[in-house]
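Scroll down for the structure; my scribbles are underneath it.
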Amino acid sequence: MKAIMAESRITSSANVPTATRLQVKQTAKPSGVRRNFWLRLQGKEGALFLLGIVLLWQFVSTSIHFAGSYLFPSPVVTLKALWVSLPELLKGTWSSLIVLVPGYMLAVVTGIVWGLLVGTIPWVSRMFSPFARFASPVPPTIYIPYAIALLPTFRTAAGFVVFVGAFWPVFLNTAAGAVSLPQRYRDNARILGLKRTEYLWRIVFPASLPHIFSGMSVGLVFSFIMLTVAELFGASAGLGRFVQLYADYADYPRMVAGILYTGAVVLVTMELLEQIKRRALFWVK
Amino acid sequence: MNALDTRSTNSVPGSGLKVESLRFAYNGTPVLLDINLAIAEGEFVCLLGPSGCGKTTLLRLLAGLETLSSGNLSWKGQTITGPSLERGVVFQDYSLFPWMSLANNITLALAKSHPETDKKWRLNLAEEFLEMVGLATAARKHPFELSGGMQQRVAIARTLALGSPVLLMDEPFGALDPVNRARLQDLVLDVWSNASPRKTVVFVTHDIEESLYLADRVVMLGSSPGRIIQELRVPFARPRLRRTLTSLPEFQALQEQIAERFRQDTLQRIEAESFVNGDAEGI
């Protein structure tokens, strides 16, 4: 009888939600109230930090009057500038993406295919590796002036440098993924008698996907860097062009708005890639 | 005469698996020395030995995944030069492809064993194979949703789907809990005895009891370098009942004899090593 009662007590206490039980425990201590306050802030640290930055920005931009204070527009002014220039920014986004997406996609496709071949076929690796070792560390921004001079239109030049910026990370990561293919997958593919194309497409490619996606994220960041830098040089439209234009006009509220907006575009694009990755890698624990 | 010493001599030319004076070295270190073994078609043979004795290497050589240093390996008189659909392998680490559903893991094998069929037909057959191993409803699932024992069932189903007359199993149940291990042993015995013609099975294990429960013949391998130290025909009639079998005094005696033989081998090796070392110090 005693045992049953003890048991029922255990189950009844187990029914209390964990959070409440935790709080009860916390308030029982002398410093409970303060502790409870910090507990409630848990998970909101990021938002709080951002809020702090905006407040600091507001404070600095409105209270300090130094020589170049017009260079430092307040959050409210910037937000207004952002609202006013939103149509122009949207148009700029379109003309940026129309260059970025094809260049990036081409880099992803060629980087994956070539990476898989280099990672699995020894003679291809022996042939390409010396060149890759020389060409991959070259900072891709260095190509921009020459690409603009060499290629007929700005779009092709910008597309090319986006391609170069994204290709190396995708290629290098894919090749690394293919090389590090677990022995057991290789053995199983051989036992099943898979042919080379089947082996590449159905085994090596999916097995390398975790590596490929990290290459694609790095490549995407590089693409944006390449594109905006190229646009600073000589575009007639686009996000980098927007920032450069208003810097030339000394319209700093719009310029800062352009920077913030570009950040948001990159963030959204990265999140999109992250979603695709999560779906494709459902099988990775 | 030693009751264990019953070296098999089934040497019908051009039949079964044949290993002749096989030697395998890795980076100059001998791993397997002078292996001679003949396995009849339809026979169930266990390769038994301690970790590191080269039994897995021998199995990989039979599968065609490794290249021998010298000697000869053949199946039905044909020299083994690489992997073939005639020899299916079940590895210790459940070797399904995690990004494919169970059904797709099996249709991958079916596409090789039944190349002129269409996708839908293969999918149906894949479900039949899954049913055979008791996972009929799991066709759409992925390996990560399954326990180790279930994954190993699928791996067995996939090997069956290859339609290989030879099954090579490399400690397939080494990572399983005793209950699952027993169930899967019975599954393998079922598959083996129900197939006609019977499949030839080479089963690698370090578990004496497992080898005595499953095999027609146990081949004992000693280590450093790996070599056959004894062969033994398992005298128990089939079908074997696990509970009655393991409580038989003959079973226990045999188990003890095998363990003793391995102990002897270890002692001999230690003696030989200390002799060599002592000698070297003298010089």
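Taken together, the values in this text are just the output of simple stated rules run on the coordinates, not laboratory data. Everything numeric here is computed off the predicted structure, so don't read it as measured data. No Cβ is skipped: glycine too gets one built from the backbone with ideal geometry, and neighbour counts run over all protein chains shown.
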Checklist outcome for this item: Counting sequence-distant residues (5 or more places) and residues on other chains, those with an amide H built under 5 Å from that of residue B:16 are B:41, B:76
Next on the checklist: Per residue of the range B:107-115, what does 6.51 cos²θ - 1.76 cosθ + 1.60 with θ = phi - 60° give for ³J(HN,Hα)? Whole Hz please, x for Gly and Pro, Karplus curve as stated.
Outcome noted: 5, 4, 6, 5, 4, 8, 7, 10, x
Next on the checklist: What percentages make up the Cα-Cα pair-distance distribution of the protein assembly as shown when the bins are 20 Å wide from 0?
Outcome noted: 16, 33, 28, 19, 5, 0
Next on the checklist: With θ taken as phi - 60° and the coefficients 6.51, -1.76 and 1.60, list the Karplus ³J(HN,Hα) couplings across the range A:134-151 in order, rounded to whole Hz; mark glycine and proline as x.
Outcome noted: 7, 8, 5, x, 5, x, x, 4, 5, 7, 4, x, 5, 4, 5, 5, 7, 8
Next on the checklist: For the range A:132-285, report the % of Cα-Cα distances exceeding 19 Å.
Outcome noted: 64 percent
Item to check | Cα-based reach from residue A:195 at 20 Å (exclusive), listing lysines while leaving out same-chain residues under 8 positions away | outcome: B:112, B:119
Checklist entry - Dipole magnitude of the protein assembly as shown about its Cα centre, charges +1 at Lys/Arg Cβ and -1 at Asp/Glu Cβ only, in debye to the nearest 20? => result 1720 debye
Next on the checklist: Angle check, please: helix B:148-161 long axis (alpha carbons) against the longest principal axis of chain B (alpha carbons), in degrees 0 to 90, nearest 10.
Outcome noted: 80 degrees
Item to check | Shielding by partners - mean other protein chain Cβ count within 10 Å, residues of A:247-258 | outcome: 0
Item to check | the range B:172-283 - Rg over Rh from alpha carbon coordinates, Kirkwood radius | outcome: 1.10
Checklist outcome for this item: Phi angles of the range B:201-210, converted by Karplus (6.51 cos²θ - 1.76 cosθ + 1.60, θ = phi - 60°) into ³J(HN,Hα) in whole Hz with x for Gly and Pro, give 10, 10, 10, 8, 7, 10, 9, 4, 4, 4
Checklist outcome for this item: Most exposed first, judged by fewest Cβ atoms within 10 angstrom, A:168, A:94 run A:94, A:168
Next on the checklist: Once you keep just the Cα pairs under 8 angstrom separated by 6 or more residues, what percentage relative contact order results for chain B?
Outcome noted: 25 percent
Checklist entry - Dimensions of chain A along principal axes (Cα, Å, largest first)? => result 87, 74, 30
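Express as a percent, rounded to the nearest 5, the fraction of DSSP beta bridges in chain B (both residues included) that run antiparallel.
In chain B, approximately 50 percent of DSSP beta bridges are antiparallel ones.
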Checklist outcome for this item: One finds, for residue B:85 and residue A:141 with R0 = 41 angstrom and r their Cβ-Cβ distance, a FRET efficiency to the nearest 0.05 of 0.20
Checklist outcome for this item: Output for the range B:129-198 (equivalent-ellipsoid semi-axes, sqrt of 5λ from the C-alpha gyration tensor, Å, descending) is 19, 15, 11
Item to check | Under 5 Å, built H, 5+ apart or other chain: amide partners of residue B:226 | outcome: B:32, B:33
Checklist entry - Based on the Cβ-Cβ distance of residue A:91 and residue A:131, what FRET efficiency does E = 1/(1 + (r/R0)^6) give at R0 = 35 Å, to the nearest 0.05? => result 0.30
Next on the checklist: Below 8 Å, C-alpha to C-alpha, sequence gap of six or more: please give me the relative contact order for the range B:151-230 in percent.
Outcome noted: 28 percent
Next on the checklist: If you take each beta carbon of peptide A:181-190 and count the beta carbons of other chains within 10 angstrom, what is the mean?
Outcome noted: 5
Next on the checklist: As I understand it, the value is the acute angle between the Cα axis of helix B:119-132 and the longest principal axis of the Cα atoms of chain B; what does it come to in degrees, rounded to 10?
Outcome noted: 50 degrees
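Do me a favour and compute the ellipsoid semi-axes for chain B from its Cα gyration tensor, root of five times each eigenvalue, largest one first, whole Å. Could you put the intermediate results ahead of the total?
Details: eigenvalues 237, 97, 69 Å².
Largest first, chain B gives 34, 22, 19 Å.
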Checklist entry - Regarding the range B:98-163, what is the average projected area of its C-alpha convex hull, in nm²? => result 3.8 nm²
Next on the checklist: Using only the alpha-carbon atoms, how far is helix B:178-194 inclined from the longest principal axis of chain B? Give it as 0 to 90 degrees, nearest 10.
Outcome noted: 80 degrees
Checklist outcome for this item: Expressed in nanometres to one decimal, the distance between label points 7 Å along Cα→Cβ at residue A:186 and residue B:140 is 3.7 nm
